[in-house]
Amino acid sequence: MREETLDLADPVAIDTLLAKLERLDVLVHNAAYFPLTTFAEIDPALLQRTLAVNLGALFWLTQGALPLFRRQGGGCVLATSSVTGPRVAYPGLSHYAASKAGVNGFIRNAALELAQFNATAWNRGWCAPRPWATSAIPG
């Protein structure tokens, strides 16, 4: 297993990371950027960063994993999404909800396209010990 730290909002950093790999069996995108900010106060920079980390990184990581999956005959993408957006609304998280709804749609479509390479894509939804019990949203 390999752990890497990088700015997921930076597609060049993602490409640099993937270029180092000789094999990739499971790609896990478990990132979330969601500073509590009311809809009225969200500015373009905050929305762009939220979308880049929560959705864009998953897209670029998955696309970048394709050559590895093709070469090795398969692989798996596991994305952690959220109940925020598709099932739950929470004040101050409209930007986050939009990004995670995008994750849900992307994974469904990516699963169809990855199948031709013997690869799979899964969405684990909410992965907290108790719903709403996180450092960002006290339970």
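Bear in mind that the values in this text are calculations on the coordinates, not laboratory data. Note that the structure is predicted; figures quoted are calculated from it, not measured. Cβ atoms come from the backbone with ideal geometry, glycine included; neighbour counts cover every protein chain shown.
Assorted remarks:
- Cβ-Cβ contacts under 7 Å between residues 6 or more apart (or on different chains), taken from a first residue in the range 98-110 that is within 12 Å of Thr84 (Cβ to Cβ) to a second residue that is aliphatic (A, V, I, L, M) and not in a helix (DSSP H, G or I), are listed as Val103/Ala79.
- Every listed requirement among (1) over 28 Å from Gln116 (Cβ atoms); (2) surrounded by 12 or more Cβ atoms within 10 Å (Cβ to Cβ) is met by Val77 save one, (1).
- Whether a residue is touching a residue at least 40 places away in the same chain (Cβ under 8 Å) and within 20 Å of Leu78 (Cα to Cα) was assessed, and Ile14 passes this test.
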